[in-house]
1. For the list (1) loosely packed, with under 14 Cβ neighbours inside 10 Å; (2) within 18 Å of residue 96 (Cβ to Cβ); (3) in contact with a helix residue (DSSP H, G or I) (Cβ under 7 Å, 6 or more places away or on another chain), I need the number of the one condition that residue 36 fails.
2. When you scan the range 39-59, how many residues do you find that are closer than 14 Å to residue 98 by Cα and part of a helix (DSSP H, G or I)?
3. Quick one: residue 96 ticks every box in (1) assigned to a helix (DSSP H, G or I); (2) loosely packed, with under 12 Cβ neighbours inside 10 Å bar one, so which box is it?
4. Return a yes/no flag: does the range 72-90 have any residue that is part of a helix (DSSP H, G or I), modelled with pLDDT of 95 or more and surrounded by fewer than 10 Cβ atoms within 10 Å (Cβ to Cβ).
5. Give me a count of the residues in the range 62-71 that are in a helix (DSSP H, G or I) and within 22 Å of residue 31 (Cβ to Cβ).
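The values are calculated or read from the model by the stated rules, or taken from the named source; none is laboratory data. Values in this document were obtained by computation on a predicted structure and should not be read as measured data. Note that each Cβ is placed from the backbone with ideal geometry, even for glycine, and that neighbours are counted across all protein chains shown.
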C-alpha cells in the first residue's frame, strides 16, 4: 500500500472512532432527555394537563433551528429531528393519560 492509502485508512479509522463515540453520546443524551419527558408526562397526567403544548413545541423548534444555524447544521434537519422527538414524547404522554 502506498503511504497515501495508508494515511487515508488511518484517517478513516479515526473519523469512524469519533463517529462511534458521538453516536454513544447521542444515545445517552436522548435517554436522559426521555427520562425527563417521562416525568413531564406523569406530571401532566396527574394534573390533567394536555399531552401536547403547541406553543412550547413551536418555541423549541425555533430555538433549535437557531442553535443549528450557529453550529453550522442544517436548521431544517434540526427541525425534522426535533419534530420526530416531539411526536414520540406526545405518544408517551398519551399513554400516561390512558
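1. Checking residue 36 against (1) loosely packed, with under 14 Cβ neighbours inside 10 Å; (2) within 18 Å of residue 96 (Cβ to Cβ); (3) in contact with a helix residue (DSSP H, G or I) (Cβ under 7 Å, 6 or more places away or on another chain), the one that fails is (3).
2. Here is the first cut: in the range 39-59, the ones closer than 14 Å to residue 98 by Cα are 41-51.
Add one more test, that the residue is part of a helix (DSSP H, G or I), and what stays is 41-46.
Total satisfying the criteria: 6.
3. With (1) assigned to a helix (DSSP H, G or I); (2) loosely packed, with under 12 Cβ neighbours inside 10 Å applied to residue 96, the lone miss is (2).
4. So far as the range 72-90 goes, no, none of its residues is part of a helix (DSSP H, G or I), modelled with pLDDT of 95 or more and surrounded by fewer than 10 Cβ atoms within 10 Å (Cβ to Cβ).
5. Residues of the range 62-71 in a helix (DSSP H, G or I): 62-70.
Next, only the ones that are within 22 Å of residue 31 (Cβ to Cβ) stay: 63-64, 67-68.
Here the count works out to 4.
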